[in-house]
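Here the structure is laid out as C-alpha cells; the discussion comes afterwards.
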Amino acid sequence: MRLGRVRIRDVRSVWGPPAEVPLGERVTVLVGPNRSGTSNVAFAIAAALDPQRCFEPARDLPRGRRGSPQVQLWAAGGGYAVVRWDVDDGTRTVDGSIVEGHALVCRVTDGARDLLLRHHDELAGPADREALAAQVRDTAAEVIPEVTAVHVAEDLTVEVHDDQGTALPTPEMRAIVALALARFLAARGRSPAVTVVESPDAFLHPAGQASIATLLLAVAAETDAPVVVTTTSPFVVPREPETMVVGLARDTLGRTTVVGTAAGDETQAGLLGGLLHDPGLAHVLDRLGRIPPETRGVLIVEGGTDEAYLRLAAERLGRDDVLADVEIRVAGGAMAAAMSAIVLRAEVDVDVVVLLDHDEMGRRARNTLTSRFGFDRSREVLTYADVFDGHPRGIEAETLFDVGLVRRFVAERGRGVSHGEDVRDGITHVDLTASGKSLFVGWAEEHVRAKHLDRWAALLDLIAERFGD
C-alpha cells in the first residue's frame, strides 16, 4: 500500500484543526523555518507506521493539552486507517488496514553509531558489518566522491576515510549512513516501512546537497517505501514529480499548520523563499529546473532579448553549431544571472557561462562572481564588451549590431524607440528605450543580414571557446 496523504491531530505541535499532509509518490520534503514543526510531523508519520515506536504522552501530547492523538492514513489507490494513542499510557490501536513495519529514523541529534545501535540485530556478525561498510562507502561516494574506505567496528562505530587517508567528520556522514542503512536493509528483505531523515543537508556543500536529492529518490525506489526528510535547504528537494514539498509554519497560537504544497516539478518559490536570505533565489531555483541530459553547457543571459539576438545571429551567420546542445537560460537581470550561475554551477556537471551587459549592474554582477565566488573571468564570465578593444563602458547587446542598422530602425519607428545617441570610450551608442528594445527584436528578424553582425560573430567565437569547441 502506498500512502497518499496523512492527517495528524494532537501530536506534539499539531493540535486543534488536524494538519493534512499530502505525501509524494516516493519522497516527501517537509520545509519550514526553525521550530515550525517539521520534525514533529515526521515523527507522527513514523509513529503511525511503526508499532514499536513509543508514543509517550508526557512528551508527545501537545503541551498542556490531552486532546485525541491520532494519525489518519489514506492509501493512494484507496484504503483508509486510523492510528490512535491513549492519552494516559500511550497504548496504540489501529482501525483499518495499513502496512506496518519498522521506521528507520535519523534525527538531527543522532550520530552514525546511535542510528546503527537501533538496528544492532541486523549487524551482529562481522559479515553484516562488512556488507554495511561497503554500502556506506558506495552511497557516500555518490555524494562525496573522495570517499574510498569505510569501517564499521564491532561497537558499531563508523569510520570513513577519503583518498588521502583523512577521516571525515561524523556529523557529515550521519544522513549518508542512514540512507545506506535503508539500502542495506532493503537488500536483505527488511525494507523499512518509512525512512525519515532530518536535515540531510547538514554540513554538506550545495553540490553535495543536490546529490542527496538524487539519492533520496534512489533509496525510495530501492526500499519501495516512502522517504520523508526535513530540511532548510532548497538544494535537497528532488525536482521530480514523485516528490511532494510541504511547507509548514507555526500560527500565532503556536500550532503547526500546512501553509502550502507543491510537487517536485512544480513551482516552489512560495514554499522555499522563506528559507533563503534572498527570497528571489527561490524563483531562480524554479527557473533553473532540470537540465536536459544531452546538454553540454549552460549559457545564462540577462533577458529574453539577449537569447533572441544570439539565436538570430547564429542562424544568419550559419553558426547554429555554436549553440547546439547549449541550454540558454534567461535570468531576468544582471544580479539574477549571477545568482542563477552560482546555484546552477553547484548543481550540474556541465560548463556554466554567464553573459552580461557591461553597464554598472553587469560589472557589479561580474565582480560578485569573480571576487566572491571564484568564477574564472576567462572561462565562466562573458560581457558584450569582450568583443571590443579595451572593454569600453556601457556595452550592451544592441551595441553589437551595425550602428547604421540601429539608426535605420529608429528612423523607421520614430523617436519614441530611442533616447538618442551618445559616444562613450569611442563607441557610438544608440540608446533604445525599453519598448524600443522589444520592438527591435522583431524588426531585426526581418532586416538583419550577415554584414550587420561582425561583432556578433566575434561573440559566437568566444562562446564556442568557452564551451570547448
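The values are calculated or read from the model by the stated rules, or taken from the named source; none is laboratory data. As the structure is a prediction and not an experimental result, all values here were calculated from the model. Cβ: placed from backbone, ideal geometry, glycine included. Neighbour counts: every protein chain shown.
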Strands (runs of 3 or more DSSP E) (entirely within the range 296-368) containing at least 2 residues that are modelled with pLDDT under 95 and basic (Lys, Arg): none
Members of the range 34-54 found to be surrounded by fewer than 23 Cβ atoms within 10 Å (Cβ to Cβ), in contact with a strand residue (DSSP E or B) (Cβ under 7 Å, 6 or more places away or on another chain) and either assigned to a loop (DSSP other than H, G, I, E, B) or acidic (Asp, Glu) (or both), listed by number: Arg35, Ser36, Asp50, Pro51, Arg53
Number of the exception - Ser418 against (1) in contact (Cβ under 8 Å) with a residue 12 or more places away in the chain; (2) in contact with an Asp or Glu (Cβ under 7 Å, 6 or more places away or on another chain); (3) surrounded by fewer than 14 Cβ atoms within 10 Å (Cβ to Cβ): (3)
Cross-chain or 6+ apart pairs with Cβ under 7 Å, the range 438-456 first and assigned by TED's automatic domain parsing to the domain that holds Phe388 and over 12 Å from Arg316 (Cβ atoms), then buried (at least 16 other Cβ atoms within 10 Å of the Cβ) and of a type outside the set (Val, Ile, Thr): Leu439/Arg413; Phe440/Glu398; Phe440/Phe409; Phe440/Leu432; Val441/Ala308; Trp443/Phe409; Arg455/Leu400
Unique match (being free of Cβ contacts under 8 Å to residues at least 12 places away in the same chain, surrounded by fewer than 19 Cβ atoms within 10 Å (Cβ to Cβ) and not aliphatic (A, V, I, L, M)) among Thr170, Thr166, Thr148: Thr166
Among the candidates Arg63, Arg92, residue that is in the same structural domain as Ile212 (by TED's automatic domain parsing), of a type in the set (D, E, K, R) and without any contact (Cβ under 8 Å) to a residue 12 or more places away in the chain: Arg63
Any hit, the range 232-239, residues being part of a loop (DSSP other than H, G, I, E, B), touching a Lys or Arg at 6+ places or on another chain (Cβ under 7 Å) and under 24 Å from Glu266 (Cα atoms): yes
Glu159 vs. criteria farther than 25 Å from Val194 by Cβ, in a helix (DSSP H, G or I) and at pLDDT 90 or above: no
Candidates Val108, Val87 - the one that is outside the structural domain of Val219 (by TED's automatic domain parsing) and not in a strand (DSSP E or B): Val108
Out of Arg137, Arg113, sole residue that is in contact with a Ser or Thr (Cβ under 8 Å, 6 or more places away or on another chain), modelled with pLDDT of 95 or more and charged (D, E, K, R): Arg137
Residue count for the range 174-206, restricted to those that are closer than 19 Å to Thr243 by Cβ, part of a helix (DSSP H, G or I) and of a type in the set (A, V, I, L, M, F, W, C): 4
Complete set of residues in the range 447-469 that are at pLDDT 95 or above, more than 15 Å from Leu355 (Cα to Cα) and acidic (Asp, Glu): Asp454
Val94 vs. criteria touching a helix residue (DSSP H, G or I) at 6+ places or on another chain (Cβ under 7 Å), hydrophobic (A, V, I, L, M, F, W, C) and not in a helix (DSSP H, G or I): no
Members of the range 424-438 that are surrounded by fewer than 16 Cβ atoms within 10 Å (Cβ to Cβ), at pLDDT 90 or above and aliphatic (A, V, I, L, M): none
Ala193 vs. criteria surrounded by fewer than 21 Cβ atoms within 10 Å (Cβ to Cβ), closer than 30 Å to Arg5 by Cβ and in contact (Cβ under 8 Å) with a residue 60 or more places away in the chain: no
